[in-house]
Amino acid sequence: MKKINVIPYPETVELLGGTVNSAVLESCEKITDESGTYGEEGYAIQLDSRGVTVTAGTESGFFYAEQTLRQLRESAELPCLSITDRPAFRYRGFLIDSARHMQSVEELKTLIDAAALLKFNKFHWHLSDDQGFRIESERFPLLNSVGSYRDSSDFGSEHLNVRYGGYYTKAEIRDLVAYCAERRIEVIPELDVPGHATAMIAAYPALSCRRLSIPLETKQGIFNNLLCAGSEETFSFLFELLDEICELFPSQYIHLGGDEAPKTYWEKCPKCRAKKAELGFDNLEQLQGWFTNRLIAHLAENGKKAIVWNESLNGDNLDPAATVQMWMDRRGKSAIWANRASSVIACPFGAYYCDYPYSMTPVKKTYDYDPVFKGVAPIMKKFVIGVTVPLWTEYVSDFDRLCYLAFPRFAAVAERGWTKKENLNYDSFCRRFAAVTPLLNRLGVKPAPQSDWDPNQLNRLIKTIGFFKDKIDPESIKNSFGSTNR
Ligand SMILES: [Zn+2]
């Protein structure tokens, strides 16, 4: 590997001999190539004593070339070189959970700036959950006046006895969507259904099986409050809400959640049981598959595609048009999904979940994880369309902590999403990340110090135990850990 300080590392780097002062990068000649050589996102850079030339076939290609040049400018002197580059995967996502704790629009823009620098192209925005609904809705105003506020926050050992909440206005969302579009990032909102829906049910109790008035959840975990699958009222609500969301987000994808939906109330609900019988299903996982498929069909009418978490596969009847996001899949259904020529995104709990400490998930573990995960047949690997690195925020209420957990992990996943396998090298990544850090600092992001990234075994054990002792109360471990992705 040639020593150039760029993340993600480019496809090919050729040294031409000699060096130039990086001031030469200030002016750049652009050549549009219409032959298709560089694909949707690729580009070439030629840098020598005469200056710098960028060639690309698309606006995205020119944008990514510029991100490479921004990083090269961090060095005072550069080798004369020629780069040709294109991504390994077309879907390169980062997830921010704004439901458990919100970030200000400015903070989100800072993260988006950093993500764009690392050539991410999808912002998976988690906007609804048991602890808060964060999208302004004109059609369903109680989603905001009731569903956006919880009475307290009781995540782990932290108990904050103050009302918490808010939501992003349509104007703020449109502003962020436009901000992302300028940076070649698609914003994909997640409406998590039928589980993780307490905030919606608190606002509109008739959406649930029991139709009882309940408050928002204030703890982390998995809850039994599901939207009722046997009631047409649920679907007319969701269709209308999805129409409102589709209007607001120009993305090709909408995320429909589908994770962690215990069927306790569906089991008892006369309407859900009747629907299951009417459809001739053997189990309620099939009812969830049917529920999700109706929403997928509705999205298709809006010209949108759906992404769902891997539990949506448990009924074995999911619409093959859906893209599955694999986070924890002991049954191996996501790999089978890819092997049947449907799309999957790698979002592995053990390697990518940023809410856990470095002692539990060291950076090297994140970096070493192969997005073409176990069980995917080599011949079907193109159905792994990419990666998403998630940051859940039950335990992350301030921006410094968020940045500490997200960086360098976001950069590690960015490199896995873009760089060809043969060019991956963890030691080189660490060195390059150090070189890129001043640039991230200027954007407003302060990464974890390198001494924290890969603790030795003893420290891993001590710190991980400390984290669970401090952050997670025993009741919720029983309730959630081991099967939760939140
Ligand atoms: Zn029901």
| task | Those residues that are away from the ligand (no atom under 15 Å from the Cβ) and either farther than 17 Å from residue 262 by Cβ or modelled with pLDDT under 95 (or both), I need them from segment 200-218; list them, please. | result | 202, 203, 213, 215, 216, 218
| query | Is it fair to say residue 304 is open to solvent by 50 Å² or more (accessible area, probe 1.4 Å) and assigned by TED's automatic domain parsing to the domain that holds residue 325? | reply | no
| query | Name the residues in segment 345-369 that are surrounded by fewer than 20 Cβ atoms within 10 Å (Cβ to Cβ), under 22 Å from residue 384 (Cβ atoms) and touching a residue at least 24 places away in the same chain (Cβ under 8 Å), would you? | reply | 349, 364, 368, 369
| request: Tell me, yes or no, whether segment 165-176 has at least one residue that is over 30 Å from residue 117 (Cα atoms) and open to solvent by less than 10 Å² (accessible area, probe 1.4 Å). | output: no
| said: For the structure I just gave you, tell me whether residue 433 is crowded, with 23+ Cβ neighbours inside 10 Å and outside any loop (DSSP other than H, G, I, E, B). | reply: no
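Quick check on residue 136: is it surrounded by fewer than 22 Cβ atoms within 10 Å (Cβ to Cβ), out of contact with any Ser or Thr (no Cβ under 7 Å at 6 or more places or on another chain) and in the same structural domain as residue 252 (by TED's automatic domain parsing)?
When the stated conditions are applied, residue 136 does not pass them.
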| task | Might you check whether a residue that is polar (S, T, N, Q) and touching a His at 6+ places or on another chain (Cβ under 6 Å) occurs anywhere in segment 371-388? | result | yes
| said: Every residue in segment 8-34 that is polar (S, T, N, Q) and in contact (Cβ under 8 Å) with a residue 40 or more places away in the chain, please. | reply: 12, 19, 21, 22
| Filter result (outside any loop (DSSP other than H, G, I, E, B) and surrounded by 15 or more Cβ atoms within 10 Å (Cβ to Cβ)) within segment 406-425 | 406, 409, 410, 411, 412, 413, 414, 415, 416, 417, 418, 423
| request: List every residue pair whose Cβ atoms sit under 6 Å apart, with the two residues 6 or more apart in sequence or on different chains, where the first one lies in segment 276-299 and is farther than 16 Å from residue 246 by Cβ and the second, anywhere, is assigned to a loop (DSSP other than H, G, I, E, B) and basic (Lys, Arg). | output: 284/263
| query | Among the numbered criteria (1) open to solvent by less than 10 Å² (accessible area, probe 1.4 Å); (2) free of Cβ contacts under 8 Å to residues at least 60 places away in the same chain; (3) closer than 19 Å to residue 396 by Cβ, which single criterion is violated by residue 65? | reply | (3)
| In segment 48-62, how many are without any contact (Cβ under 8 Å) to a residue 40 or more places away in the chain and open to solvent by 40 Å² or more (accessible area, probe 1.4 Å)? | 2
| task | Run down 31, 45, 4 and say which single residue is at pLDDT 95 or above and open to solvent by less than 10 Å² (accessible area, probe 1.4 Å). | result | 45
| Which ones in segment 195-211 are in a loop (DSSP other than H, G, I, E, B), among the hydrophobic types (A, V, I, L, M, F, W, C) and out of contact with any helix residue (DSSP H, G or I) (no Cβ under 6 Å at 6 or more places or on another chain)? | 197
| query | Looking at (1) open to solvent by less than 10 Å² (accessible area, probe 1.4 Å); (2) within 12 Å of the ligand (Cβ to nearest atom); (3) in a helix (DSSP H, G or I), which is the only condition residue 229 fails? | reply | (3)
| said: So, restricting to strands (runs of 3 or more DSSP E) that lie completely within segment 1-97, which ones have at least 3 residues that are closer than 30 Å to residue 189 by Cβ and not charged (D, E, K, R)? | reply: 91-97
| message | Which condition from (1) open to solvent by less than 40 Å² (accessible area, probe 1.4 Å); (2) closer than 30 Å to residue 301 by Cβ; (3) under 24 Å from the mean Cα position of the chain (by Cα) is the one that residue 205 breaks? | response | (3)
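Is it true that residue 113 is modelled with pLDDT of 95 or more and surrounded by 23 or more Cβ atoms within 10 Å (Cβ to Cβ)?
No: the conditions fail for residue 113.
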| query | When you go through 156, 147 one by one, which is the residue that is modelled with pLDDT under 95, outside any helix (DSSP H, G or I), more than 16 Å from the ligand (Cβ to nearest atom) and open to solvent by less than 10 Å² (accessible area, probe 1.4 Å)? | reply | 156
| remark: Selection from segment 439-469 of residues touching a residue at least 40 places away in the same chain (Cβ under 8 Å) and assigned to a loop (DSSP other than H, G, I, E, B) yields 444, 445, 446, 447, 448, 453, 454, 455
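The values are calculated or read from the model by the stated rules, or taken from the named source; none is laboratory data. Quick caveat, the model's predicted, so the values are computed rather than measured. FYI the Cβ positions are ideal-geometry reconstructions off the backbone, even for glycines, and counts take in every protein chain you see. Quick note on the areas: whole protein, heavy atoms, side chains included, nothing else; ligands and nucleic acids left out. Shrake-Rupley method; radii C 1.70, N 1.55, O 1.52, S 1.80 Å.
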